[in-house]
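Scroll down for the structure; my scribbles are underneath it.
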Amino acid sequence: MNLMSNDGHVIDNLRSMISSSSGARYVEARYQARLATEVNFVNGELDRIRVVENSGCGIRVLVDGCWGFSSTNNLSLLKESLGHAISAARVLAQAKKKKVKGLAESKMLTGIFRTSANGSVSDIDIEQKVQVAREGEKAARSNRAVKAASCTYRETLDHKAIVSSDGADSEIYDSKPEFNVSAIAKRGGQSATAHEGVGVTGGWSDLFKKSHLEYAVTASERAAKLLDAKHVSGIRTTVILDPAMVGLLSHEAIGHTVEADFVLSGSVVKDKIGQQVASELVTLVDSGKSEIASNAGGTIIVDDEGVAAGRTAIIEKGILKSFLHNRESALVFDTESTGNARAFQYNDEPLIRMRNTFIEPGTDKLADMIKETKRGYVVKGARNGQADANGEFMFGAEEVYLVENGEVRELMKGASISGNAFDVLKSVDMVGNEFQYDIGTGYCGKFQPAKVDGGGPYIRCAALIGGLQ
Amino acid sequence: MQDLLRYAIKEAEALGASEAEACAAASSESEIFIESNDVKQAKSQKTSSVGIRVLVGGSAGFYSVNNLTKSKVKDAVSMAIKIARVSPKDRHNALPGKSKAMVLRGIYDKKAGSFEASDAAKMAAEMLDAAKSYDKRVSVDNGNLNADVSTHWLANSNGVDLSEKASIFSWSIMGMAIEDSDISSFDLQLGGSHFVKDIDVHTTATEFAKTVVSSLGPRGIESFKGEMLLTPIAINEMIEEVISHSINSDAVQKKSSHFAGKIGKRVSSDLLTVEDDATNVEGLGASSFDREGVAHRRNVVIEKGVLKKFLYNTYTAKKDGVKSTGNASGSTSSPPSVSTTNFVIRPGRSSLDTLVSEMENGMIISRFSGNVNPVNGDFSGVVKGGRLVKNGTIQHPVKEVMVAGNVFEALRCLNGVSKERKIIYDSILPYMRFDDISFTAG
């Protein structure tokens, strides 16, 4: 099962197709071969096992100020596919009112790139992947209160080649495994769910720095504890957010508002570059690299237009500094691409997407943050949530601890955190000194999925906390 | 293609599989995207793939590849066998035998083959123009038009050998109306057909434009309890997922269905009849056989409010000791799961106008935006494009209000179903009216 065995010369085919193409102002070809493995156990039974190999080439062209995109899984039909993309763009251009003016000059990253991996997941036998999922599910039921459990091991291996008429010429080898476990405790009519998981860019040893059983037992114990926990009553108060909540807030409530396509359609931050939008303790970054800590799940090195996917400070010491761009939006804003053009599979066109989005660590110790809190909550375990274009958000949190007079008291039931993300960031008065990525099992959805990560230190701020069923 | 699938099955048997299945699909798709009152991008794709499922001594393995060369298929088969050998045994694993073949007419248009990206581009532009020219206050946020021509093949070691062609055209338009500082609720309208001649972007665009313009100038209201009239789209957003989840045998077996143990019991007022019907060619989910090759049929799931049956594939059916209902679902890149095909609610006797005229105090909801819990039926969210009705007449559009309740309780208070129905991709839904719903002003 060697993904990379038959596609060694693909990049040469892409190069020759691009150099011989005519009729388009810009041509970009992206080959992607993906090998995805998934093993899922539910309630003691194998629910699903599958391996899926998916490869092909997506071609994007700019003709008469209009985009065309065409894809095929048959690499002997590249020329025909290019023809489809060009002719469709040409026809659509006649109906298009606002033409695409062009693409910003960008420095292309050329060469072969591999994301770092300790212990390649390709060298791990499928039997071992079945084993971790089976054992994880069983361990998630280790607490007697847990009546239902689920455990999934999933990995995605990619080989990409990106070539464009503007000089992109790179190959990327990437590996992103993840492990998720959930436990549902039940008693009488009550039920409580707990999740644990990890998702990384890296190998088997990067994924399981902690044993799979440890994640499972933690979820099992917590589900049981949550069964007896009391409800939080709705109040605006001091909250200490954990790295996962900080990651979710940075991605979902702030990050989307600064995606340049979103800015162009009227996001709340559109006129705010250079203005203070957060406490000066806050520096919020989106990066294609795994900054500060290793193996962040959204690491990409090069984006899908061939541009280096480096670090972009969105907010620096409280001041809004940059939006997130692809080459098209960068030209509109007269700036450079930030390397945020990403496509999920070969048959998806690149869109402006985030990568690893986080708040940089500060100087406070978590113990001091708690000690200096008279009354409030430590909020952990980010669950899914919603955020609007104006920064209004509501996220679920699985684990909430009451803090009174500088001490952590009891575990409360899951709650929601809501507010306006910019107001919340303005209220930040303490920023922890330890950093962690912790939403790497998540996917972001915007027409197509994208593997992203986020995190930060613990931060102390004010938000509305409310009960959640 | 059939030869390739038979080759895969022979290979699997030679490697020790007791049963084997090969499923393939090839499709050609073109799509036009609309964004911010303009056409944005043309997209086309050609794709083909095969999924191999094998059973080795009661254990299942699955491998899928989107490359149809013989050598790749051979590798896929041997990987599927390898996976099966490390998977736990499950005595319910089985493949279906041959069922009586059924030919479904009306899902493939011969003219679809010559429908080109340029045709799609013209129609998308026409949809945009129709919405914009209805009223200059209309603003289109996004939309699309998609044309998909596909062929599906399925063969297994029990003699099943099937194939079918289908063409599907679908389109959508979404946005709002803007007048100075007044921005209407978002509205979404969808359309779909199997035939080129039935593509009607004009009706969809006009309905969208009409809805957003009529929700301009909303007024605030007091909180109240009263009737709720849902449009087909709102039924799709609020009600359908809860029912489809609850009638799914997989959810029943995993103990997450509210309908578990309720066959033969009343689950709704007697106005509700729900069918799962892949043979209804009006729905875009129509096809003659399911993901495992079991012939499709019409399954009456809820009849006059009484729960009649759950939907099964071969695996879940074996677990319950019943027969598959033809609801194995999924693509070539996944082993079969269970889902609805075309979700159909039978039309009622009243016209939409009558349903409105009978309302004393209530709200018409164009769209629902919020959370629905398919397990316990709780919903809460925001009313989009709401219009207040008093004494049988529509009063005025209302500012966004919250609506919350429980779908299972609402179904017992269902007191009206319209004759008129709309096709929303693979759902065919009427307007439905419920009593005793709480609306909370913001």
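Using the Cβ-Cβ distance between residue B:91 and residue B:375 with R0 = 25 Å, the FRET efficiency computed as 1/(1 + (r/R0)^6) comes to roughly 0.35. As a length-normalised measure over Cα pairs under 8 Å and 6 or more apart, the relative contact order of chain A settles at 16 percent.
Helical content of chain A, expressed as a calculated mean residue ellipticity at 222 nm, amounts to -5500 deg cm²/dmol (DSSP H runs of 4 or more residues, -39,500 (n - 2.57) each, divided by residue number, nearest 500). Computed from the Kirkwood radius of its Cα pairs, the Stokes-Einstein diffusion coefficient for segment A:44-92 at 25 °C and 0.890 mPa s stands at 194 µm²/s. Since only A:338, A:44, B:430 are under comparison, the one whose Cα sits farthest along the positive direction of the charge dipole of the protein assembly as shown, derived from C-beta charges on Lys, Arg, Asp and Glu, is A:44. Once each of the GluC sites (Glu not before Pro) sitting in a DSSP loop with at most 12 other beta-carbon atoms within 10 Å is removed, chain B keeps B:1-221 as its longest stretch. For segment A:210-255, the set of trypsin sites (Lys or Arg not before Pro) satisfying both a DSSP loop assignment and a count of at most 14 other C-beta atoms within 10 Å is given as A:210.
Computed over every Cα-Cα pair of segment B:2-214 and binned at 10 Å starting from 0, the pair-distance distribution P(r) comes out as 8, 26, 21, 18, 16, 9, 2, 0 percent. Close amide H contacts of residue B:99 (hydrogens built in the peptide plane, cut-off under 5 Å, sequence separation of 5 or more or a different chain): B:295.
Here the relative contact order of segment B:370-417, from alpha carbon pairs under 8 Å that lie six or more residues apart, stands at 34 percent.
The convex hull drawn around the Cα atoms of segment A:10-228, when projected onto a plane and averaged over every direction, covers 16.5 nm². When the C-alpha to C-alpha distance is required to be over 26 Å, the pairs from B:323/B:422; A:96/B:422; B:255/B:323; A:138/A:446; B:100/B:308 that qualify are B:323/B:422; A:96/B:422; A:138/A:446. Between their Cα atoms, which of B:132/B:197; A:79/B:72; A:129/B:309 are more than 32 Å away from each other? A:129/B:309, as the Cα separations exceed 32 Å there.
Surface composition of the protein assembly as shown: carbon plus sulfur atoms hold 47% of the accessible area, using a 1.4 angstrom probe and ignoring ligands, DNA and RNA.
Computed from the C-beta positions of residue A:116 and residue A:433 and an R0 of 25 Å, the FRET efficiency is 0.50 to the nearest 0.05.
The GluC sites (Glu not before Pro) found in segment A:21-120 that occupy coil by DSSP, while having at most 15 further C-beta atoms within 10 Å, are A:105.
Over segment B:1-74, all Cα pairs binned in 10 Å intervals from 0 give whole-percent P(r) values of 18, 37, 19, 13, 10, 3, listed from short to long. With Rh defined as the Kirkwood radius, the inverse of the mean 1/r over Cα pairs, the Rg/Rh of chain A is 1.00. Across segment A:62-118, Cα-Cα pairs farther apart than 18 Å form 57% of the total. Entry note, segment A:404-469: relative contact order of 44 percent, from Cα contacts under 8 Å with a spacing of 6+ residues.
The alpha carbons of segment A:235-467 occupy a box of 52, 34, 30 Å along the principal axes, longest dimension given first.
Taking a straight Cα-Cα cut-off under 16 Å and skipping sequence neighbours fewer than 8 places away in the same chain, the lysines within cross-link reach of residue A:99 are B:40. Distant-in-sequence amide contacts of residue B:59, defined by a placed amide H-H separation under 5 Å and a gap of 5 or more residues or a different chain, comprise B:90.
Qualifying trypsin sites (Lys or Arg not before Pro) in segment B:90-121, where qualification requires a DSSP coil assignment and no more than 12 other C-beta atoms within 10 Å, comprise B:91, B:100, B:105. Compared with the rule-of-thumb size 2.2 N^0.38 Å for a compact globular protein, the protein assembly as shown has a Cα radius of gyration ratio of 0.93. Here chain B carries DSSP beta bridges of which approximately 95% are antiparallel, counting only pairs with both residues inside. The phi torsions of segment B:343-356, fed into the Karplus equation with coefficients 6.51, -1.76 and 1.60 and a -60° offset, translate into couplings of 8, 10, 9, 5, x, x, 9, 8, 7, 4, 4, 5, 4, 5 Hz, rounded to whole numbers, with Gly and Pro shown as x.
The residue A:144 and residue A:22 beta-carbon pair, evaluated with R₀ = 60 Å, returns a calculated FRET efficiency of approximately 0.25. In plain terms, the C-alpha convex hull of chain B casts an average shadow of 21.7 nm² when viewed from every direction. Computed from Cα atoms alone, the Kirkwood hydrodynamic radius reported for segment B:218-442 is 18.0 Å.
The values are calculated or read from the model by the stated rules, or taken from the named source; none is laboratory data. Bear in mind that the values here come from a model prediction, so they are computed numbers and not experimental data. As a convention, Cβ positions derive from the backbone with ideal geometry for all residues, glycine included, and neighbour counts pool all protein chains shown. To get the accessible areas, we keep the full protein, side chains included, count just its heavy atoms, and leave off ligands, DNA and RNA. Shrake-Rupley method; radii C 1.70, N 1.55, O 1.52, S 1.80 Å.
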